[in-house]
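Note sheet for the following structure.
Throughout, read-outs are computed from the coordinates displayed, never taken from laboratory work. Note that this is a predicted model, so its numbers are computed, not measured. Quick reminder, even Gly has a Cβ in these numbers, built from the backbone with ideal geometry, and neighbours come from all protein chains shown.
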Amino acid sequence: MTRVLLADDHPMIRTALEVLLRDTTYELAGIAGTGAAALTELERLEPEILLLDLQMPGGGGMDVLRQLRTRKNPVKVILLTAAIDDHALLEAKALKVHGMVLKNSDPAYLLDCLDNVRHGRTWFDPELTERTAQLARAGKRSAHRALAPRERQLVDFVRQGMRNREIAERLGVTEGTVKAYLHAIFEKLGVSSRTELAIRAGEFLAVP
């Protein structure tokens, strides 16, 4: 049996997933209703797969996913969501989420996703796969060309793990100036966090 932790605060969704997983090869090891509880239960139960709702009190799914990547927790993560904006979608992919399923999809999609993820593959809802491809194409057409030489240098510094103070000292500017540069870069590249920028830096710097 594959042990699964469900993190979702909606009682109807929780009940529906309990029924869906019944008589399958997946054991519902526990349920969490907040982001903080999900992190606690992960440590306690050590499941193989985390079904993670995107919108929850006490830290949403993206907050949990970022912390898991920082902690290098090996659990396989499947995001469940009724809707997801473009920034969150791209960041989730950048953070190497293992699967994403829309809550209004056919329930069979979730079982397909679980089966693929359990065997080391990724699986994404067809609608989200198409959106991701469109965003990637649009990003490559516009974002790379928009980067000025100084901005490309800053992206590279972030990729190296340098903090704002180190970057400011390297460039001979203030930390406030570095923050302003980075904010502009976030806007141009359509990224929502420094973590996403660092993970996708190679992609952004690939085109001269």
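Each 5 Å bin from zero up to the one holding the largest Cα-Cα distance in the chain carries the following percent of pairs: 1, 7, 15, 17, 17, 13, 11, 8, 6, 3, 1, 0, 0. Here the simple spin-label model places points 7 Å from the Cα toward Cβ, and for Arg44 and Val75 these points are separated by 1.2 nm. When the inverse distances between all different Cα atoms of the range 152-208 are averaged and flipped, the Kirkwood radius reads 11.3 angstrom.
Toward the positive end of the charge dipole of the range 37-188, about the Cα centre and with charges on Cβ (Lys, Arg +1; Asp, Glu -1), which of Val155, Trp123, Leu51 goes farthest? In the range 37-188, that residue is Val155. Overall, the range 1-125 carries a charge dipole of about 440 debye about its Cα centre when +1 sits on the Cβ of Lys and Arg and -1 on the Cβ of Asp and Glu, all other atoms neutral.
The long axis of helix 126-146 is offset from the longest Cα principal axis of the chain by roughly 10 degrees.
For the range 41-58, the Karplus equation 6.51 cos²θ - 1.76 cosθ + 1.60, evaluated at θ = phi - 60°, returns couplings of 5, 4, 5, 6, 9, 6, x, 8, 10, 10, 8, 10, 5, 6, 10, 9, x, x Hz by residue, with Gly and Pro reported as x. Relative contact order for the range 1-76: 36 percent, from Cα pairs under 8 Å spaced at least 6 residues apart, divided by residue count. Couplings 3J(HN,Hα) for the range 61-75, derived from phi with the Karplus relation 6.51 cos²θ - 1.76 cosθ + 1.60 (θ = phi - 60°), are x, 5, 4, 5, 4, 4, 5, 5, 5, 5, 7, 6, 5, x, 4 Hz, where x marks Gly and Pro. To the nearest ten degrees, helix 175-189 and the longest principal axis of the Cα atoms of the chain are 60 degrees apart.
Under a 5 Å amide H cut-off, with hydrogens placed 1.01 Å from N, Phe124 pairs with Met100 among residues at least 5 apart or on other chains.
Can you tell me the relative contact order of the range 98-208? Whole percent, Cα pairs under 8 Å, sequence separation 6 or more.
25
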